[in-house]
Amino acid sequence: MHGHIAYLDHAATTPMRPEAVAAMLPFLTEHYGNPSGSHAAARHARLALDDAREEVAAALGAQPGEVVFTAGGTEADNLAITGVHARRPGTVLCPAAEHHAVLHTCAALGGRVVPTLPDATVDLDALADSLGPETSVVSVMLANNEVGTVTPLAEVAAVVRQHAPNAALHTDAVQAFAWLDVATLAAPADLVAVSAHKFGGPKGVGALVVRDGTPISPVLHGGGQERDRRSGTHNVAGIVALAAAMRATVATRRDTVERVAALRDRLADGLMEAVPGAVETGPRHSKVAGNCHLRFPGVESEALLILLDRERVCASAGSACASGAIEPSHVLVAMGLSASEANSSLRLSLGAASTDADVDLALQVVPKAVTQLAD
Ligand code: PLP
């Protein structure tokens, strides 16, 4: 066991699944054609792209023509919100606990932020009060990246349809796909964003579902790929790997959720027992299986992360996408936590690759490190 690294930061990114690596390699070597061309090499790439599109569409509960490949989750969120707003100018709304890819895009369009409940899901009453005929886009995430809570999207959609008949509903399902049946849960949304590297695919590739009838302008202008919704030469290897990672994720999702939830429960329960005063953030029953989020009052999470890193435990204090920030996480603040509560938090996020050995090491290292810092 000596030298084992407990990688507990799967919400930041995941190791690639071997199936995804194997799927992409031929498109980095012999099959390098540009799918927009008209010769044999191009056709080979085109066929692979078409197959991947069908697979991704099925996994997301969409039609192949509704899938737009992007360079990741951030671009998918930007395209959804900015692209629809360009065609339907009006007010853009999102809850305060969204990822910055959504929050900052809404801010750039002069949008409004809706309060969240203590569990990080949107306050539906406040949402209803904010909506109107002038609302053009509402963006509500399916699973939160920091505390893992899952939003009941059907309830959100009912409120949006009732109070904002002209609005499109976008959902950031980037953190959801590894754990949840996005095809079903995101069905009430007009737009759905995913990112391959959160479920065993490569970084820098994602997809946006744009349901037929949803008006959208491109954000990237150029050669007119993706039916003019996203220009740029296709990242064929990445797209093929995205589809392979989706296939592997969907095929094993039920078993993975059961196994990882048990690991997470052992980790969370063990740490709560070993560290007096530790507090769990958010109700566990409404979290995705891989999320363990705790607070250790009086302990600086930045210092804790350094000690954990020395002992080979990879964790996060908040969102890795906002690395370097010592300010309290906006998600925890949106949940009503004080700055000092937020700054004493630790996110341990498990994934399909997590094992008992990872949990064992964390259970051995985290309580010691917390005790050392609390002294
Ligand atoms: N949305 C959520 C909820 C995320 O967790 C992330 C990444 O951390 C993103 C969007 C951005 O995705 P990407 O890293 O593919 O740009």
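The values are calculated or read from the model by the stated rules, or taken from the named source; none is laboratory data. Just so we're clear, the structure is a prediction, and the values are computed from it rather than from any experiment. Don't worry about glycine lacking a Cβ; one is built from the backbone with ideal geometry, like all the others, and counts go over all protein chains shown. SASA here: full protein model, heavy atoms, side chains in, ligands and nucleic acids out. Shrake-Rupley method; radii C 1.70, N 1.55, O 1.52, S 1.80 Å.
Details
- Only Lys, Arg, Asp and Glu carry charge here, each on its Cβ (+1 for the first two, -1 for the last two); on that basis the range 18-248 has a dipole of about 620 debye about its Cα centre.
- Residue among Pro133, Pro215, Pro328 with the largest mean-square fluctuation in a Gaussian network model of the chain, springs linking Cα atoms under 10 Å: Pro133
- Amide H within-cut-off set for Gly206, under 5 Å, with H built and near neighbours excluded: Thr70, Ala71, Gly72, Ala196
- Surface share of carbon and sulfur [accessible, 1.4 angstrom probe, percent] for the chain: 55 percent
- Neighbours of Ala12 by Cβ distance under 13 Å: Lys/Arg scored +1, Asp/Glu scored -1, total +1.
- The residue among Phe27, Ala59, Val250 whose Cα reaches farthest toward the positive pole of the charge dipole of the chain, with charges on the beta-carbon of Lys, Arg, Asp and Glu, is Phe27.
- Pair-distance distribution of the range 18-248: all C-alpha pairs, bin width 10 Å, starting at 0; shares per bin in whole percent are 9, 35, 34, 16, 5, 1.
- Whole-Hz couplings from phi, Karplus 6.51/-1.76/1.60, listed for the range 241-251; x for Gly and Pro: 6, 4, 5, 5, 5, 5, 4, 5, 5, 5, 5
- Packing-based ranking, highest mean first, of 226-234, 288-296 given that Cβ atoms within 10 Å are counted: 288-296, 226-234
- Averaged per residue, the chain has 41 square angstrom of accessible surface, using a 1.4 angstrom probe with ligands and nucleic acids left out.
- Among Gly83, Gly201, Gly37, residue whose mean-square fluctuation peaks in a GNM of the chain (springs only between Cα atoms under 10 Å): Gly37
- Taking amide H as placed 1.01 Å from N in the peptide plane, Ala168 has its amide H under 5 Å from the amide H of Val137, Val138, each at least 5 places away in sequence or on another chain.
- For the chain, the mean residue ellipticity at 222 nm estimated from helices alone is -13000 deg cm²/dmol, where every DSSP H run of n ≥ 4 contributes -39500 (n - 2.57) and the total is divided by all residues, rounded to the nearest 500.
- Under 12 Å from the Cα of Lys287 - aspartates and glutamates, other chains or at least 8 residues apart: Asp119, Glu146, Asp265
- The GNM of the chain, with springs linking C-alpha atoms under 10 angstrom apart, assigns the highest mean-square fluctuation among Ser344, Ser38, Ser286 to Ser38.
- Rounded to whole Hz, the Karplus (6.51, -1.76, 1.60) HN-Hα couplings of the range 113-118, x for glycine and proline: 9, 9, x, 10, 7, x
- Rounded to whole numbers, the Karplus 3J(HN,Hα) couplings from phi for the range 334-343 are 4, 7, x, 7, 6, 4, 6, 5, 5, 7 Hz, using 6.51 cos²θ - 1.76 cosθ + 1.60 with θ = phi - 60°, and x at Gly and Pro.
- Nonlocal amide H pairs with Thr116, under 5 Å, H built at 1.01 Å: Ala96, Asp123
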